[in-house]
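Since the structure comes first, as structure tokens, the remarks are kept for the end.
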Amino acid sequence: MKLRTVGLIGIVLASVLFSAACSKGGKDSPPAAVSQGVEEVRPKECMDGPELSAFGTRFAREDVWAKLPETKTLGETFGDYALQAVEVTEFGVIGSLGWHEGPNVCVQHRDGELWAQVLGAGDAKWEGPFIAVDAKGGFERAYFNRIFGKACYQTVEGEDWCFGDGSIQIGGRALKTAVLLDTSEMPEYGIPVTVEGEPAGFWMFVRVQEQWHVFKDEVVTQEGHVDIDPAQFPPWRVLRLKH
């Protein structure tokens, strides 16, 4: 009888210790939010495409999305984060590493937030949170709309420029536009924008208070490329906000 009692006590004690260990960070523990947008808690399982689609199909980093209306340079706004976006595609749930690579990612919905991690990378961190954004026309168009909004400007020469949904209307003519998100070969002094009809390169928008200074530029790897210092080089156009 004494041996049986001791055995029961051991079982109860083991159960208590196991429960305590789980409560301190077992696999059911939610990730703790970190100021840098990165956390290291491994999740239970990954959401598949249909599950994630209940929240949306394209997702941006919440902190980056919040900064875009005031951003001056994409590099500064994107920071050192590895994952910049998440998208549900026919090939599964895909992430964007620096807008340059598209690995498969694991996404978890915890405490009302979406966190993501690159699959197959042993040292990958959990990053987030991510929020669903209206990007039916692609991230490039969505980021253009978020940065420039819907506002009208006038050049020093009296030309009207109005920003709309993925477009700039110049003198009554609407031109399709998009932000170049992959900044790996871009100059770093502004926001690069592709413009319909531009034969080569892109337009670089530099925010100066309520104005946009516009320069024509090319990728830095282009042969003969000349670095532009916006503080010294005269802009191609100066856009002043119309009140």
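The values are calculated or read from the model by the stated rules, or taken from the named source; none is laboratory data. Just so you know, these numbers come straight off a predicted model, no measurement behind them. We place every Cβ from the backbone using ideal geometry, glycine too, and count neighbours over all the protein chains shown.
Observations on the structure shown:
- Of the residues Ala142, Ala135, the single one that is under 24 Å from Leu180 (Cβ atoms), among the aliphatic types (A, V, I, L, M), touching a residue at least 40 places away in the same chain (Cβ under 8 Å) and in a loop (DSSP other than H, G, I, E, B) is Ala135.
- From the options Val38, Val88, residue that is at pLDDT 85 or above, within 30 Å of Glu185 (Cα to Cα) and surrounded by 15 or more Cβ atoms within 10 Å (Cβ to Cβ): Val88
- Flag if Pro129 is in the same structural domain as Glu101 (by TED's automatic domain parsing), modelled with pLDDT of 95 or more, within 27 Å of Leu97 (Cβ to Cβ) and not in a helix (DSSP H, G or I): yes
- Applying the criterion of being surrounded by fewer than 19 Cβ atoms within 10 Å (Cβ to Cβ) and small (Gly, Ala, Ser) to the residues of region 168-190, the residue that is nearest to Glu76 (Cα to Cα) is Ser184.
- Here the condition is being more than 22 Å from Glu185 (Cβ to Cβ), of a type outside the set (Gly, Ala, Ser), touching a residue at least 24 places away in the same chain (Cβ under 8 Å) and not assigned by TED's automatic domain parsing to the domain that holds Val193; of Phe78, Phe55, it holds for Phe55 alone.
- Of the set (1) part of a strand (DSSP E or B); (2) surrounded by fewer than 20 Cβ atoms within 10 Å (Cβ to Cβ); (3) in contact with a Gly (Cβ under 8 Å, 6 or more places away or on another chain), all apply to Cys162 but (3).
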